[in-house]
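The values are calculated or read from the model by the stated rules, or taken from the named source; none is laboratory data. Worth saying up front: this structure is predicted, and the values here are computed from it rather than measured. As a convention, Cβ positions derive from the backbone with ideal geometry for all residues, glycine included, and neighbour counts pool all protein chains shown.
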Amino acid sequence: MDSLGRMTKLACAHCGEPCDTGSALGQPKTIYFDGKPFCCTGCRTVYEILAQHDLCEYYQRDTDAGISMRKRPLREDEYAVLDDAATERRLLAFSSATLNRIIWTVPSLHCVSCVWLLERLDRLDAGVLASTVDIMRRTVTVDYDPQRTTLRQVAETMASIGYSPLLRLEDLTGESPAMKRKTSRGMYARIGIAGFAAGNTMMMYIAEYFAGSAGVERPLMFAFRVLSIALSVPVLVYCASPWWIGARAALKGRRINLDVPVALGIAVLFARSVFDIVTGHGSGYLDSFNGLIFFLLIGRLFQQKAFDALSFDRTYRSFFPLSVRIQRGEVTAVVPIEQLKIGDILSVRNAEVVPCDSILASEIGYIDYSFVTGESVPVECTKDEMVYSGGKVMGRAVRLIAARNVSHSELAAMWDRSSERKNAAGDRTTRYLELSDKFGQWFTAVALLIAAAGAAVWLPDWPKAFSIFTAVLIIACPCALTLAAPITLGSAMGRLGRFGIYLKNMGVLLDLDRISSIVFDKTGTLTAAEHDIAFYGRALEDREWHAILRIAHESTHPVSRAIAGEHDSFLLEADHVQEVIGKGISGHAAGHSIAIGSSEFIAAHCDAEISESQLGNSVAAAVAIDGEYAGVFTFRPAVREGVREMISKLREDYRIQLISGDSERDRPLLEPVFGIDHLRFNCRPDDKIERIMEAREGGDAVLMVGDGLNDAGAMGEADVAIAVTDDTATLVPACDVIMNAASITKLPALLRYARSMKHMIWTSLVFSIFYNALGLTLAIIGELSPLVAAILMPVSSLTVIAISVGGARRLSRRLA
Amino acid sequence: MNIIILLVLSSVLVAIAFLIAFLWATSSGQYDDVHTPAMRILFEDRVKAEAESLSVTNYPSEPDHVN
């Protein structure tokens with residue numbers, strides 16, 4: 001196919017990716033520096049910086065070290081907005097004359113090497129005093145001396161070694177990492193106190209359990225009981241507060257959730273114990289009380305850990321940059337986006353997002369709307385045409401005149417619509433909560449009924465009736481039941497995270513189990529996000545190749561860009577370069593005269609008739625060398641590895657469909673995978689929504705697998721939405737699950753896992769119901785002694801925890 | 001028997017001292033991040049000694065209370 005098929009499998013010394021990927025041309029792309037191969041200049045630069053500062057130990061820390069610089073080219077004024085004092089103030093966690101503290105979110109943080117390098121930032125920037133990494137939250141806390149460096153410099157230093165800090169609008173408004181920290185500290189304190197109280201009260205109670213109440217002297221027994229009450233009060237007031245708050249909120253809203261029976265149970269447990277002790281009736285159940293709260297809190301901790309793992313809920317604002325470049329008169333200034341006014345002239349460069357609907361002021365521009373429409377081929381816009389927000393500028397920088405404010409733009413409208421739709425349909429993410437609420441109502445009613453019935457039997461005997469009534473409420477406390485689902489699903493979420501699958505919340509696993517139909521979006525999901533370019537034509541010599549690449553490099557047209565790749569260190573001279581915007585480019589290099597462009601453009605450069613039809617509409621550009629037609633470049637999107645096997649596996653159990661915003665171009669590629677009837681192309685976002693609604697009306701539970709905002713509406717409409725992304729840093733709205741693109745083939749395993757997790761929950765529920773029934777029987781016949789409660793309650797909680805955690809771990813091995 | 005009451009009280013007091021130590025550790029942030037320190041401990045200080053001899057000024061690692 002091409003003459004230069006050097007398929008050397010060299011791994012880049014920085015990022016470890018093979019040096020010859022990114023383009024199917026096989027062009028000589030590997031760069032050598034210091035005797036080591038690099039896949040791109042970006043990676044080489046990082047290596048250079050590290051070598052200069054004697055930081056090459058970085059590469060020995062972890063085999064995963066090194067972040068590929070190919071996907072994320074650095075822009076020189078990306079962080080210019082940080083020079084703005086107001087923005088800086090809002091971002092800083094602390095600021096004084098000699099020390100500023102900033103907590104960055106760095107999505108590319110992933111391994112030991114990252115921690116090692118980022119905690120040595122002071123060697124790269126002398127103004128940095130200290131830097132501390134939190135790998136779970138992916139944050140870096142940097143303390144710096146504002147007199148010796150600036151916020152912008154710190155950000156740029158980090159970006160220069162591949163750890164670009166995330167800079168989004170939400171950082172200015174959202175919840176700070178420090179706040180999250182506080183809530184988790186409170187949880188640990190609660191667990192500590194409850195565990196302490198549980199252990200100590202248990203000791204006091206054990207004396208009585210062994211010796212019998214007659215075997216312990218009265219003053220000693222009295223002292224033990226008073227101490228137990230004293231230890232339990234903080235547990236009741238402080239440790240159990242999450243349930244008090246939850247139950248109160250529910251009752252205020254005139255509903256009953258699962259917190260209500262739990263709160264009722266622990267309130268009765270405590271009151272009954274104190275009553276028994278004060279009246280001298282018995283020793284009460286304070287050891288069970290403390291133990292119960294201790295276990296309940298552990299369940300909560302699991303729940304919270306799962307929440308902390310990844311925050312999903314970002315608004316459309318997260319997509320926009322913080323700043324824009326505005327031309328005012330002669331000067332170009334970088335200003336925060338909220339200062340953007342209608343009529344301002346913005347300059348937006350390659351790979352930057354258009355922040356608001358605007359009118360194109362440049363002659364021509366290429367906008368990639370794949371974000372909004374799903375079509376991955378850039379759109380060509382000419383002067384005075386409307387450019388919509390959310391589009392990404394490709395190639396040549398453009399000047400735009402802002403036509404609408406940021407929040408009034410199309411993208412915002414699209415986002416609002418999809419979230420409205422979601423709310424109208426009943427936010428599915430809370431379905432799990434709803435379920436547990438319903439369960440809570442049912443449970444409270446039944447428990448109260450049984451308690452009342454049990455008491456009624458003894459009715460003339462009021463004290464006995466009271467004791468039965470409270471005993472039933474105590475044992476009926478749905479402790480094990482509240483533990484089963486959160487602990488199973490919470491530990492399942494944690495395990496899945498290790499395989500590059502992140503769930504939005506725990507309920508998603510239950511929803512995944514109901515799925516009967518799966519809808520795929522194509523772009524970036526089943527095929528790689530970037531198009532591979534292939535050359536069809538006569539065999540070319542090396543020199544001719546170099547010349548083509550060199551000339552293509554001169555152009556800013558996206559197709560030329562894709563042909564040239566990221567290779568920018570050609571030593572060849574190019575002259576007579578002439579570009580006809582939107583048509584093609586021609587020039588001399590390496591002794592050849594080259595023309596690359598549309599068929600008409602090439603026809604003007606040579607005599608050959610080019611029939612485009614025979615090659616289909618996948619032709620990107622034709623090439624002429626020295627006045628002779630040489631061949632064409634075509635887009636060659638490739639199906640991701642393993643996708644074919646995955647789909648055929650899924651087809652056995654699910655109805656599979658593909659809905660794409662793209663043209664029919666890729667039909668031949670995908671037909672063998674999906675079958676003829678299950679492919680739909682040219683779908684607008686609204687069509688996608690309709691398709692999914694149709695499927696749902698047909699009684700299917702629909703899983704949508706797509707790549708982000710362009711599917712926001714459809715994803716909101718589906719029962720479960722999975723977003724597939726190359727880079728978890730890009731923002732994904734309206735989805736329940738984020739999967740690394742590399743993990744997409746794990747989809748069948750994920751669905752299987754979800755099913756087995758549901759079985760796990762049922763198993764632990766059966767166990768806890770068994771314990772509850774046993775306890776209830778004892779309570780009704782009046783045999784629920786403190787000793788029985790002290791054994792039964794922790795044993796049931798421990799069984800549930802053991803089953804849940806053990807099951808989630810063991811079964812997750814099948815995912816690997 | 002009184003001596004047992006004393007014994008119990010003193011043991012509870014010791015336990016409370018440990019509880020307070022735990023709460024103090026929590027509030028000072030020891031449990032904020034339990035993953036990174038596990039990685040950090042593997043780093044050798046080989047280069048650090050070098051760097052310290054080279055650098056002109058040494059800053060205190062972290063101020064106590066800034067948040």
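Here are the numbers:
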{"quantity": "Top-ranked residue in region A:134-165 [being among the hydrophobic types (A, V, I, L, M, F, W, C) and outside any helix (DSSP H, G or I); ranked as nearest to A:Gln304 (Cα to Cα)]", "calculated": "A:Met136"}
{"quantity": "Of residues in region A:561-598 being of a type in the set (S, T, N, Q) and modelled with pLDDT of 75 or more, the one surrounded by the most Cβ atoms within 10 Å (Cβ to Cβ)", "calculated": "A:Ser586"}
{"quantity": "Positions within region A:199-248 being in a helix (DSSP H, G or I), among the small types (Gly, Ala, Ser), more than 12 Å from chain B (Cβ to nearest Cβ) and closer than 23 Å to A:Cys477 by Cα, in sequence order", "calculated": "A:Ser232, A:Ser241, A:Gly246, A:Ala247"}
{"quantity": "Hey, A:Ser113 modelled with pLDDT under 85, in a loop (DSSP other than H, G, I, E, B) and touching a helix residue (DSSP H, G or I) at 6+ places or on another chain (Cβ under 9 Å) or not", "calculated": "no"}
{"quantity": "Candidates B:Leu9, B:Leu19, B:Leu23, filtered to the one that is at the interface with chain A (Cβ under 10 Å from one of its Cβ atoms), closer than 25 Å to A:Thr139 by Cα and modelled with pLDDT of 85 or more", "calculated": "B:Leu23"}
{"quantity": "Single residue of region A:81-130 satisfying the filter (more than 25 Å from the chain's Cα centre (by Cα) and without any contact (Cβ under 8 Å) to a residue 24 or more places away in the chain) that is farthest from the other protein chains (Cβ to nearest Cβ)", "calculated": "A:Ala85"}
{"quantity": "Selection from region B:19-33 of residues that are part of a loop (DSSP other than H, G, I, E, B) and surrounded by 16 or more Cβ atoms within 10 Å (Cβ to Cβ)", "calculated": "B:Tyr31, B:Asp32, B:Asp33"}
{"quantity": "Any hit, region A:134-153, residues being at pLDDT below 85, away from chain B (no Cβ under 11 Å) and within 22 Å of A:Gly497 (Cβ to Cβ)", "calculated": "no"}
{"quantity": "Cβ-Cβ under 9 Å pairs, at least 6 apart or on other chains, region A:134-153 side assigned by TED's automatic domain parsing to the domain that holds A:Ser113 and on the phi > 0 side of the Ramachandran plot, far side modelled with pLDDT of 90 or more and in a helix (DSSP H, G or I)", "calculated": "none"}
{"quantity": "Failed item in (1) at pLDDT below 85; (2) surrounded by fewer than 19 Cβ atoms within 10 Å (Cβ to Cβ), with A:Ala802 passing the rest", "calculated": "(1)"}
{"quantity": "Selection status of B:Ala49, more than 7 Å from chain A (Cβ to nearest Cβ), in a helix (DSSP H, G or I) and modelled with pLDDT under 85", "calculated": "yes"}
{"quantity": "Answer from A:Ile193, A:Ile266 - the residue that is within 14 Å of another protein chain (Cβ to nearest Cβ) and either part of a helix (DSSP H, G or I) or at pLDDT 90 or above (or both)", "calculated": "A:Ile193"}
{"quantity": "Members of region A:446-456 found to be farther than 17 Å from A:Leu264 by Cα and touching a residue at least 40 places away in the same chain (Cβ under 8 Å), listed by number", "calculated": "A:Gly454"}
